[in-house]
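To start, the structure itself, in structure tokens.
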Amino acid sequence: MKLQLRFILVLVAIFLGATSFLLLQQRFEIDRSNRLLASELSQHKSYFQNIVNLDGRSIQTLDEDYSFWDSMVSFIQTDNIPFAQENLDTGLSTFNTDADWVYRPNGTLLYFSSADGTNTLKPIDLPQVFFKKLTSTKFAHFYIKIAGNVVEIRAATVVPSDDQYHDTPEQGFLVVGRILGSSYTKNIAALSGSNVQLGSATDTKDETTNSNISFGDVLSSWGGQPIAVLRSTSTIQVVSD
């Protein structure tokens, strides 16, 4: 009887030892997975931001590297609408841009047009404090909502062609924008290798669940208020395996 009891005790000890080892191993694997997910989250956020910036390069080029600045200055001074129709409007589709707005030095709207000829994007009433800020910063990148659409905006002071850095007093303001629709999110998803959705401005929380990572890239107004969130969700295969 004593021998049988000892044998049972040995089996229980082995079982407890093996269970403890497995639990420790599981804890180690969970901690390792969590560290890996945290590292992947940081890397994906940086990579995703680079993708978003790269995708927006065309609209930035139109706004900041416009070739006809001298003609633009003349257009604002003389209200030469045919110039805008022949030069600004034709460049919208080339630079993957949906609309342009031209403002006089006092901030009043001089000209507006959209790439598709519709009123999906309407004239926007930007406050004087915005133009005062733009006069100081020379360039601006922000987001607004127009008729329910999230719109990416680039703005710059209008100056003569020989003023590369926009150091001279502004002769007006050029604002260009594009709608961030389904084609935009699909393109960002393809480039980043993740599932991308445009969602609520409050959906900013970073999440790591099982083998998935998810984070929100906040799209802010010119005043810094959140307009929407571009949320990316990815599966980390090595963790899944």
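Taking 26 Å as the straight-line reach from the Cα of residue 122, the lysines in range (excluding those fewer than 8 positions away in the same chain) are 132, 133, 138, 145, 186.
For region 61-127, the solvent-accessible area works out to 50 Å² per residue, with a probe of 1.4 Å and every protein chain left in place.
Among the trypsin sites (Lys or Arg not before Pro) within region 145-226, those in coil by DSSP and having at most 10 neighbouring Cβ atoms inside 10 Å are 205. Across region 54-163, counting alpha-carbon atoms alone, Rg and Dmax equal 13.3, 39 Å. In region 134-241, the C-alpha radius of gyration followed by the widest Cα-Cα span (Dmax) gives 18.0, 60 angstrom. Placing 152, 40 in order of accessible area, with the largest value first and a 1.4 Å probe, yields 40, 152.
Selection among 201, 183, 230 by position relative to the dipole of region 165-238 gives 183 as farthest towards the positive end (Cβ unit charges, Cα centre). The chymotrypsin sites (Phe, Trp or Tyr not before Pro) of region 134-241 meeting both criteria, a DSSP state outside H, G, I, E and B (loop) and at most 14 other C-beta atoms within 10 angstrom of the site's C-beta, are 165. Cα-based radius of gyration for region 94-159, normalised by 2.2 N^0.38 Å, reads 1.11.
The values are calculated or read from the model by the stated rules, or taken from the named source; none is laboratory data. Predicted model, so just to flag it, every value in this text is computed and none were measured. Neighbour counts run over all protein chains shown; Cβ positions are idealised from the backbone, glycine included. SASA here: full protein model, heavy atoms, side chains in, ligands and nucleic acids out. Shrake-Rupley method; radii C 1.70, N 1.55, O 1.52, S 1.80 Å.
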